[in-house]
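Reviewing the structure listed below.
Readers should treat all values here as calculations from the given coordinates under stated rules, not as data from a laboratory. What you see is a predicted model, and the numbers here were worked out from it, not measured in a lab. In this analysis, Cβ positions are derived from the backbone assuming ideal geometry, glycine residues included, and neighbour counts consider all displayed protein chains.
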Amino acid sequence: MITAKTRNVVVVGAQWGDEGKGKLVDWLTESAQGVVRFQGGHNAGHTLVINGVRTALHLVPSGIMRSGVKCYIGNGVVLSAAKLFEEIEALEKAGVELRSRLRVSEACPLILPFHAALDVAREAARKKGGQAIIGTTGRGIGPAYEDKIARRALRVQDLKYPERFAGKLHELLDLHNHVLVTYLGSAAFDFGPTLAPYMAAGKVLFEPVFEEAMRHAKLLKPMMADVSRELNEAHFKGANLLFEGAQGTLLDVDHGTYPYVTSSNCVAGNAAAGAGVGPGLLHYILGITKAYCTRVGGGPFPTELQWEVPGTPGYHMSTVGFETGVTTGRSRRCGWFDGALLKRSAQVNGLSGLCITKLDVLDGLKELKLCTGYQLDGQLTEILPMGADDIERCTAVYETMAGWSESTVGVTQFDKLPTNARLYLQRIEQVTGVPIHMVSTGPDREQTIVLRHPYLAD
Ligand code: GDP
Ligand code: IMO
Ligand code: MG
């Protein structure tokens, strides 16, 4: 039997996304030789701060800022080649060499302009019909996964064969233009400047989509790879791998607040299927969670606060935490830490340890509330129920804890944290049942406390 002494770590968001995964992936890459994205697409926005310099990534794995590290986009990702090259060019302008280090799975389904058009038109049609919107990022993520599951997607490998690509594209446009125009009434919608070059009278045109795809095909060819094979080979040659989750557990299409979710599985188990490795290669699962809670877009949020009212704890979180989305620029909704939600997350991911981020944002709040369960239909429940309808009816049950007035910004040792901050973290451990292995006290790489290193912990 082949054995390897290497260790692989999975990083997942334990809430509704934007927990600080990018920062932690960049930090952990110091101990890894390969970083892999395994689901989602450019709906993700991961921010890295290195010596005060900020980099926002959407598709390129957050390991890219460490030279020599290989970065992989696994088959589970839905890929917009246009967005990928936009990001690659921006990174190159900033002096990051990456084309030789980036490998893209040939099995990735492509996101093309008609996916974004469908996404935007559906949300607009919902709004027009008086229905609640999902609040998607409008990037075409849902429609692209639908094509994958319906077994009609154009994949990265199709880009190598122009005729085959053209044939499939005609078929897809036939179907999707029919839905856009006849069912959604898209001729009446404004698709904005990004989609305008591809559209006329609510339909997506063949020529501009095809021509752009063929341009991207040439650029992408050197990066196309059998990512599954390369990851397995790297592992058995002794590389430590890092699997970078996007979105968060409560946005998972099965385990999240359905239907207010994204269209992929964001949980740790999907790191295996979405990258093409066996689940036995996932040795340690790090759940990233803020010390409070945020969510962008629609859907239930049991611990939500009035985050738009000055002078309130929610407003404090929103403003001190700069809670504005990296991808769409929307404000993130803010609320208290939800321990019962974290229990669901711990369960569906099999979390080995937690990293609590943005502890510093709570500095100066007189008291903190921590949700330990909910009242639902007159009964106490200690774990987040499944699906939006039940979650909507939950009333959060809180414990109140004293806050701290000292600054925790940039603290790198647990013992140097204020007593009340340590008590708050210890209570989170008790309520969630998951040990805290890391704490983040600022956006910068260096502003990090390590209690147990994920690449060294058992
Ligand atoms: P991701 O999507 O999970 O990678 O998270 P985002 O990058 O979308 O959002 C997290 C935001 O919080 C980014 O602006 C980070 O720079 C910032 N951040 C991460 N960790 C900390 C922290 O411990 N303290 C503070 N103040 N900001 C942090
Ligand atoms: P990262 O990786 C926060 C949310 C959207 C919307 C829902 C569905 O930065 O944590 P979609 O476009 O995926 O169909 O939208 O999911 N959403 C995110 N929220 N962080 C993200 O990514 C998100 N990606 C999608 O706001 O509510
Ligand atoms: Mg984000």
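Debye-formula intensities of the stretch 384-427, expressed as log10 I(q)/I(0) at q = 0.27 Å⁻¹, are -0.95 (one equal scatterer per alpha-carbon, no solvent).
Let me know the longest stretch in the chain that avoids all trypsin sites (Lys or Arg not before Pro) found in a DSSP loop with at most 10 other C-beta atoms within 10 Å.
Values: sites that count: LYS5, ARG151, LYS237, LYS366.
Longest site-free region, per DSSP loop and neighbour criteria: 6-150.
Rounded to the nearest whole Hz, the Karplus-based 3J(HN,Hα) values (6.51 cos²θ - 1.76 cosθ + 1.60, θ = phi - 60°) of the stretch 140-150 follow the sequence x, 5, x, x, 5, 5, 4, 4, 4, 5, 7, with x at glycine and proline. Using every pair of alpha-carbon atoms in the chain, split the distances into 10 Å bins beginning at 0 and state the percent of pairs per bin, rounded to integers. Histogramming the chain at 10 Å steps yields 4, 21, 30, 26, 14, 4, 0 percent. Taking every Cα-Cα distance in the stretch 213-371 and sorting them into 5 Å bins starting at zero, the pair-distance distribution P(r) comes out as 1, 8, 14, 17, 16, 14, 11, 9, 6, 3, 1, 0 percent.
Cβ under 10 Å from GLY41's Cβ, GLY41 left aside: what net charge do those residues give with Lys, Arg +1 and Asp, Glu -1? Spell out each step's value before the answer.
On the way: positive: ARG37, LYS83, ARG139; negative: none.
Spelling it out: positives minus negatives among the neighbours equals +3.
Phi angles of the stretch 67-81 translate, via the Karplus equation with coefficients 6.51, -1.76, 1.60 and θ = phi - 60°, into HN-Hα couplings of 5, x, 7, 7, 10, 10, 10, x, 4, x, 8, 8, 10, 9, 5 Hz per residue; Gly and Pro are given as x. Considering only alpha-carbon pairs that sit under 8 angstrom and 6 or more positions apart, the relative contact order computed for the chain is 20 percent.
The loop-placed GluC sites (Glu not before Pro) in the stretch 55-107, going by DSSP, that have at most 11 neighbouring Cβ atoms within 10 Å of their Cβ come out as GLU97.
Quick check: from the Cα gyration tensor, does the stretch 94-165 come out rounded (a/c under 1.5), prolate or oblate? In terms of gyration-tensor shape, oblate.
May I have the convex hull volume per residue, in Å³, for the Cα set of the stretch 343-458? The partial results should precede the final answer.
Numbers: hull volume 14.1 nm³, N = 116.
Expressed per residue, the convex hull around the Cα atoms of the stretch 343-458 is 122 Å³.
Taking amide H as placed 1.01 Å from N in the peptide plane, GLY135 has its amide H under 5 Å from the amide H of GLY298, each at least 5 places away in sequence or on another chain. Distance between the pseudo-spin-label points of SER407 and GLN347 (7 Å out from Cα toward the beta carbon): 4.2 nm. Derived scalar couplings between HN and Hα for the stretch 167-176 equal x, 5, 5, 4, 4, 5, 5, 3, 5, 6 Hz in order, rounded to whole Hz, by the Karplus curve 6.51 cos²θ - 1.76 cosθ + 1.60 (θ = phi - 60°), x for Gly and Pro. Overall dimensions of the stretch 32-122, expressed as equivalent-ellipsoid semi-axes from the Cα gyration tensor (√(5λ), whole Å, largest first), are 23, 15, 11. The calculated FRET efficiency for LEU175 paired with LEU205, based on their beta-carbon distance and R0 = 22 Å, is about 0.90. Taking every DSSP bridge with both residues inside the chain, close to 45 percent are antiparallel.
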